[in-house]
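This is the structure I have questions about; it appears just below.
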Amino acid sequence: MSNISKAIKKVDSEEKMSGKAKYINDISYDDMLFAMTLRASESKGEIVNIEYPKIPKGYTIVDHNDIQGKNFVKIIFEDMPIFAEKEIKYYGEPILLVVGENRAIIQDIINNIHVTYKVKTPTYKLRDSVIHYEFEKGNAKEIFNKAKKKIQFDYSTGYQEHVYIEPQGLIGLYEVDKISIIGSMQCPYYIKNAVMQALDCDEKGVRVKQTTTGGAFGGKEEFPSLIACQIAIAVNKIKKPIKLIYNREEDMEFTTKRHPSNINLVAAIGENNEIQAIKAYVALDSGAYIGLSGVVLQRAMIASSGVYTVDNIEVTGDVFETNTVPNGAFRGFGAPQMMFAIEMFIHHIANELKIDPLVLRNKYLAKQNDITSTGGKFRDIIIMDEMINKVMNMSDYKRKLSEYSKEGNFNGIGMSWFLHGCGFTGSGEQKHIKALVKLRKEKNNHVTILVASVDMGQGIQTTMKKIVADILQLPIENIIYNNPDTDLVPDSGPTVASRTIMIVGGLVAQAAKLLKEQWVEGKEITVEKRYKQPKHIKWDEEKLRGDAYPAYSWGVNVVEVKVNPATYQVQLTGVYEVYDVGKAIDERIVLGQAEGGILQGISYGSLEVMKNVNGRIQQKNITDYIIPTSCDSVNIKTVFMDNPYLLGPYGAKGAGELTLIGGAPAVALAIENAINRRVTKIPVTPEYIMELIDYGKN
Amino acid sequence: MVKSFIPKTYKEALNLLAKNKLTIIAGGTDLMVKNKNISGLLPKFKKDLLFIAHLTELDYIKKEKDTIHIGANVTLEKILDSFHTHSLLKEALSIMASPAIRHIGTIGGNIANASPAGDTLPVLYVLNTKIVVKSLDSERTIPINDFIISSGKTILKENELISEIIIPDNKFDYEVFLKVGARQADAISKISFAAIANVSDSIVSDFRVTFGAVGPRIVREIEIENNIIGLTTNELNSRCKEICDSYKKFITPIDDQRSSAVYRKKVSLNLLEKYINSIK
């Protein structure tokens, strides 16, 4: 067998580089209409009256009265309405669509609709808990009751906006007895299920097709379900194609973001300076509706001991509802918040105890067969020791750390250690998704991959084709993988949670092997494989106990910075990253994930400021919301270390999210080292560095 | 929808300006953003447009005896590339916006836009730049300090067009331009700072300082500068704190979505202090 990791040309690069690729806004139909959204102008209240201007012929208002099914977007809970009926819970909440041919006229109609509200007092503080979880490992409570010495710090993290290049957008099409939704998305079947509920129809009544998607980062996991329901209702009423595309500002202001968090960590310290127990409390701001927040909270809580094995842990967490734009899925899904906090905390404990952080960290670094925070087991080989050695050598970490730690030196170096649970939390795959994949061998001996996973730039069309081509020993050109269409592909689950290669790719590989056995020249053959949870994996969804994930990917990042003592600006001077993703299916594609991921993590930790003032997002465009340019980056040094996972295709585990998670703690630790002050929140902006230098503690 | 005028010559442009109320558009890098519409629709301009970017008569850089003359239509990138351009102006241009914007944005546009965060402005102020403005029947030359009234406002009349800028071609013993933005490129300044000084026989013979993005106008205080000129460098260094304090009341930044007033003020004074301490 050839080396699967050897990079091949990305199958979609030519189409995208040449501009031939059709994104949703490039597609139009003859009698197509446009839709725009009328949004609430209050953060909390009730709609008392809506006064409409004279609506010209050919223009239509679509609101909650037009919904045949339930006025809820099917996500997890029935909490978010498709269109507000009476109650308004956040500024910008959609009330209705105006649909018509000319967008200037639509805009004019929207500007002349007057909504009167009975205004109520909104909540922006984390006060109203809507979800509460807790779990314990060992006897943490008892130890804390007796503990003589405790070390405690509070950490906080801000919003993060996805800034996918292509804003949200969909087109709805009317066919006899069927409504089709096409557009930019991660999860065709999420949309299909949501639209079926909104239209109160069976599965034949809805078809969902992905179009070439210009980035997503989690932002197109659950959000497109909302606009798909709106568009489907409009198409059902008007019976013409309707396009809804968000402008950049509308997208940044009113679509989901990463949950801001407050995290409180306490360590019980024994007589020999050992960490006897850790108590973690996580508070997430869900915004106005819960959406996926509970699952995000679970992932954050499960990550509360980071890469360390601590025998006694007590973890509690709340999701708080506020009258702000709802937050949702984002690459990392709760883990980046917690991994920032725990990585800072382990350093802050070491500093308080006056011991070398590296010594303390090594003492607690998880080993194979250690028990996880939820009482599961790290079953597979952990190669963190080799990875840490590698990155320390690459970056000359020890020498630089000692040099940069000298008084008056404004250089800094920071190293983060982290892991990411691959796939859905707990028994999600088995209980909720039940992924099914198919391969169809065509008469001409080409093979079509039938899965619902989307390529959103992460390269899945290339890697999936590579797997099938390699197993069947066919040229890559003979493998077909079209953008998924729910009328043609089975539900292999959403394109989320770093599950696509490990779970769906694993099933595709199994199906390819099956097809190889059944191969008959010139005959059409279809094979299928459905996910089965490995028997040794057990999870208690109620108590959050057991194996939270089937496998873990691991990472070590080193970030070097220089802080300008006059302007407090941070300049990146070095970035080094080493990962265990099992096995890279295509080295260049995983390198793309690695470089993009760490940069997104570093900028989450140091650049990306988004604030909500009285329910209003302040940074609404990419002039004000700062993501890095190539001038802000350095030549990133990346190494992948093979550690094949038995149940992944070729040993592959998850890679997409892992690479974002270590950036924020590594850059925060580097800045801490440069300015000799304790950093407890991200993003570490120049404004915050100024405060720390003037008033902070070391 | 607005009308667009595309004159063939500079004279024709002035003629059109004399007869119509027009928005003058050169590179459009500010105007297209300010007047942008929702995706797929034309920008929302209020007045008819006069396109001037193609007028080659305003596209020149030439050196005269003690001055450099730059036509209003010269793009920022072209100025950056020119042999004649003052080193301090090059410094500002080299970190301004992005290559794409520099290739289309013009110097005349950056001045007429009159944003206190405009990156060429602190340098043009510190270099005592003059602006030449023409109408069909008049011409006037105005120091940039008088040309810009406040944020977004200039003394340009409706029938006038900037024709060129004149920069005295002086060399300085000390010159600094610093831009503090949230990232290394494509950033709007949180603070910008330009300063020059000459020292002969340990006496400060020239001293100028400007701050951008810390108030409605570029800050330049001639009175403070005049009090400094004539000091020995030792006196200058020892009075550093006093001088910084004297600038405090003129630096009046705001809190906004890009930074805080406290940060802008403190960093402005840090930069001034560092600059004064560098003069020996």
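The values are calculated or read from the model by the stated rules, or taken from the named source; none is laboratory data. Just so we're clear, the structure is a prediction, and the values are computed from it rather than from any experiment. Methodologically, a virtual Cβ is constructed for each residue, glycine included, from the backbone with ideal geometry; neighbour enumeration extends over all protein chains shown. Just so you know, the surface numbers come from the protein's heavy atoms only, side chains and all, with ligands and any DNA or RNA stripped out. Shrake-Rupley method; radii C 1.70, N 1.55, O 1.52, S 1.80 Å.
Of the residues B:Val204, B:Val262, which is over 30 Å from B:Tyr60 (Cα atoms) and part of a strand (DSSP E or B)?
B:Val204 is the lone residue from the list that is over 30 Å from B:Tyr60 (Cα atoms) and part of a strand (DSSP E or B).
Name every residue in segment A:339-383 that is part of a helix (DSSP H, G or I) and β-branched (Val, Ile, Thr), in order of residue number. Can you show your working first?
So in segment A:339-383, the residues part of a helix (DSSP H, G or I) come out as A:339-353, A:357-364.
Hits for segment A:339-383 are A:Ile342, A:Ile346, A:Ile349, A:Val359.
May I ask you to list the residues in segment A:332-358 that are at positive phi, touching a helix residue (DSSP H, G or I) at 6+ places or on another chain (Cβ under 6 Å) and open to solvent by 20 Å² or more (accessible area, probe 1.4 Å)?
Kept after step one, since they are at positive phi, are these residues of segment A:332-358: A:332-334, A:354.
Still in the list and also touching a helix residue (DSSP H, G or I) at 6+ places or on another chain (Cβ under 6 Å): A:332-334.
Residue satisfying the conditions is A:Phe333 alone.
A further question follows. Under the condition of being closer than 14 Å to A:Pro260 by Cα and over 18 Å from the mean Cα position of the chain (by Cα), which residue from segment A:287-322 is surrounded by the most Cβ atoms within 10 Å (Cβ to Cβ)?
Out of the qualifying residues, it is A:Gly317.
Evaluate the following for B:Lys241: is it away from chain A (no Cβ under 14 Å), in a loop (DSSP other than H, G, I, E, B) and of a type outside the set (Val, Ile, Thr)?
No.
Same structure again: If you check every pair at least six apart or on different chains, which have Cβ atoms under 8 Å apart with a residue in segment A:551-580 that is within 13 Å of another protein chain (Cβ to nearest Cβ) and of a type in the set (Ser, Thr, Tyr) first and a residue that is part of a strand (DSSP E or B) and buried (at least 24 other Cβ atoms within 10 Å of the Cβ) second?
Once the first residue is within 13 Å of another protein chain (Cβ to nearest Cβ) and of a type in the set (Ser, Thr, Tyr) and sits in segment A:551-580, its partners that are part of a strand (DSSP E or B) and buried (at least 24 other Cβ atoms within 10 Å of the Cβ) give A:Thr567/B:Val180; A:Thr567/B:Ile191; A:Thr573/A:Glu560; A:Thr573/A:Val561.
If I filter segment B:250-273 down to residues being of a type in the set (Val, Ile, Thr) and surrounded by fewer than 16 Cβ atoms within 10 Å (Cβ to Cβ), which single residue comes out as nearest to the other protein chains (Cβ to nearest Cβ)?
Here the residue is B:Val262.
For the structure I just gave you, tell me whether A:Gln510 is more than 14 Å from every other protein chain (Cβ to nearest Cβ) and either in contact with a helix residue (DSSP H, G or I) (Cβ under 7 Å, 6 or more places away or on another chain) or open to solvent by 40 Å² or more (accessible area, probe 1.4 Å) (or both). Full working, then the answer.
Details: more than 14 Å from every other protein chain (Cβ to nearest Cβ): yes; either in contact with a helix residue (DSSP H, G or I) (Cβ under 7 Å, 6 or more places away or on another chain) or open to solvent by 40 Å² or more (accessible area, probe 1.4 Å) (or both): yes.
When the stated conditions are applied, A:Gln510 passes them.
While we're looking at this one, here's another question. Could you check how many residues of segment A:40-90 are open to solvent by 70 Å² or more (accessible area, probe 1.4 Å), under 26 Å from A:Met196 (Cα atoms) and among the aliphatic types (A, V, I, L, M)?
Summing the residues that are open to solvent by 70 Å² or more (accessible area, probe 1.4 Å), under 26 Å from A:Met196 (Cα atoms) and among the aliphatic types (A, V, I, L, M) in segment A:40-90 gives 1.
What's the total number of residues in segment B:1-36 that are open to solvent by less than 40 Å² (accessible area, probe 1.4 Å) and either within 23 Å of A:Pro167 (Cβ to Cβ) or within 14 Å of chain A (Cβ to nearest Cβ) (or both)?
Residues that pass the stated criteria total 2.
So, one more: Looking at segment A:657-664, can you tell me whether even one residue there is away from every other protein chain (no Cβ under 14 Å), within 30 Å of A:Val508 (Cβ to Cβ), at pLDDT 95 or above and open to solvent by 10 Å² or more (accessible area, probe 1.4 Å)?
Scanning segment A:657-664, I find at least one residue that is away from every other protein chain (no Cβ under 14 Å), within 30 Å of A:Val508 (Cβ to Cβ), at pLDDT 95 or above and open to solvent by 10 Å² or more (accessible area, probe 1.4 Å), so the answer is yes.
Hey, can you tell me all the residues within segment B:73-126 that are among the hydrophobic types (A, V, I, L, M, F, W, C) and open to solvent by 10 Å² or more (accessible area, probe 1.4 Å)?
Answer for segment B:73-126, where residues must be among the hydrophobic types (A, V, I, L, M, F, W, C) and open to solvent by 10 Å² or more (accessible area, probe 1.4 Å): B:Leu80, B:Phe83, B:Ile95, B:Met96, B:Ala97, B:Ala100, B:Ile101, B:Ile104, B:Ala112, B:Ala117.
For segment A:251-264: of the residues being surrounded by fewer than 24 Cβ atoms within 10 Å (Cβ to Cβ) and assigned to a strand (DSSP E or B), which is nearest to the chain's Cα centre (by Cα)?
A:Asn262
Taking segment A:408-447 as the search range and keeping residues that are on the phi > 0 side of the Ramachandran plot and open to solvent by 50 Å² or more (accessible area, probe 1.4 Å), which one is modelled with the lowest pLDDT?
A:Gly408
Of all residues in segment A:550-580, how many are hydroxyl-bearing (Ser, Thr, Tyr) and under 26 Å from the mean Cα position of the chain (by Cα)?
Qualifying residue count, segment A:550-580: 4.
Checking A:Ala104 against (1) away from chain B (no Cβ under 14 Å); (2) surrounded by fewer than 16 Cβ atoms within 10 Å (Cβ to Cβ); (3) not in a loop (DSSP other than H, G, I, E, B), only one condition comes out false. Which one?
Tallying (1) away from chain B (no Cβ under 14 Å); (2) surrounded by fewer than 16 Cβ atoms within 10 Å (Cβ to Cβ); (3) not in a loop (DSSP other than H, G, I, E, B), A:Ala104 fails exactly one: (1).
Still on this structure: For segment A:429-440, does any single residue satisfy the condition of being within 19 Å of A:Thr211 (Cβ to Cβ) and not charged (D, E, K, R)? So that I can check it myself, show each step before the final result.
So in segment A:429-440, the residues within 19 Å of A:Thr211 (Cβ to Cβ) come out as none.
No: zero hits.
Moving on to the next point. Restricted to segment B:176-201, and to residues that are among the small types (Gly, Ala, Ser) and assigned to a strand (DSSP E or B), which residue is farthest from the other protein chains (Cβ to nearest Cβ)?
Filtering segment B:176-201 for residues among the small types (Gly, Ala, Ser) gives B:181-182, B:185, B:187, B:189, B:192, B:194-195, B:197, B:200.
Subsequent filtering for residues that are assigned to a strand (DSSP E or B) retains B:192, B:194-195, B:197, B:200.
Working: B:Ser192: 11, B:Ala194: 15, B:Ala195: 13, B:Ala197: 18, B:Ser200: 28 Å.
Top of the filtered list is B:Ser200.
I would also like to ask the following. Out of everything in segment A:583-632 that is more than 14 Å from chain B (Cβ to nearest Cβ), in a loop (DSSP other than H, G, I, E, B) and charged (D, E, K, R), what residue ends up being surrounded by the fewest Cβ atoms within 10 Å (Cβ to Cβ)?
Among those residues, the one meeting the criterion is A:Asp586.
Somewhere in segment A:107-115, is a residue open to solvent by less than 40 Å² (accessible area, probe 1.4 Å), more than 29 Å from A:Glu221 (Cβ to Cβ) and in a loop (DSSP other than H, G, I, E, B)?
Yes, segment A:107-115 has at least one match.
Given the criteria surrounded by 23 or more Cβ atoms within 10 Å (Cβ to Cβ) and part of a strand (DSSP E or B), does A:Ala280 qualify?
Working: surrounded by 23 or more Cβ atoms within 10 Å (Cβ to Cβ): yes; part of a strand (DSSP E or B): yes.
So A:Ala280 fits the description; yes.
Could you identify the single residue in B:Leu76, B:Leu22, B:Leu41, B:Leu49 that is under 23 Å from B:Thr129 (Cα atoms) and either without any contact (Cβ under 8 Å) to a residue 60 or more places away in the chain or not aromatic (Phe, Trp, Tyr) (or both)?
Sole residue among the options that is under 23 Å from B:Thr129 (Cα atoms) and either without any contact (Cβ under 8 Å) to a residue 60 or more places away in the chain or not aromatic (Phe, Trp, Tyr) (or both): B:Leu76.
While we're on this one: Does B:Val214 satisfy the criteria of being away from every other protein chain (no Cβ under 14 Å), touching a strand residue (DSSP E or B) at 6+ places or on another chain (Cβ under 8 Å) and either in contact (Cβ under 8 Å) with a residue 60 or more places away in the chain or not hydrophobic (A, V, I, L, M, F, W, C) (or both)?
Answer is no for this residue.
I've got another one for you. Based on this model, can you work out whether A:Tyr549 counts as buried (at least 22 other Cβ atoms within 10 Å of the Cβ), among the aromatic types (Phe, Trp, Tyr) and on the phi > 0 side of the Ramachandran plot?
Values: buried (at least 22 other Cβ atoms within 10 Å of the Cβ): yes; among the aromatic types (Phe, Trp, Tyr): yes; on the phi > 0 side of the Ramachandran plot: no.
In short, no.
For segment A:1-37, give me each residue that is touching a residue at least 60 places away in the same chain (Cβ under 8 Å) and within 14 Å of chain B (Cβ to nearest Cβ).
Answer for segment A:1-37, where residues must be touching a residue at least 60 places away in the same chain (Cβ under 8 Å) and within 14 Å of chain B (Cβ to nearest Cβ): A:Tyr23, A:Ile24, A:Asn25, A:Ile27, A:Ser28, A:Met32, A:Leu33, A:Phe34, A:Ala35, A:Met36, A:Thr37.
Sort out which residues of segment B:212-230 are among the aliphatic types (A, V, I, L, M) and assigned to a loop (DSSP other than H, G, I, E, B), and write them in order of number.
Selection gives B:Ala213, B:Val214, B:Ile218, B:Ile229.
Moving on. What about A:Tyr190, is it under 30 Å from A:Thr372 (Cα atoms), buried (at least 21 other Cβ atoms within 10 Å of the Cβ) and at pLDDT 95 or above?
no
Within segment A:436-492, which residues are of a type in the set (Val, Ile, Thr) and more than 22 Å from A:Tyr531 (Cβ to Cβ)?
Residues satisfying the conditions are A:Thr462, A:Ile476, A:Ile480.
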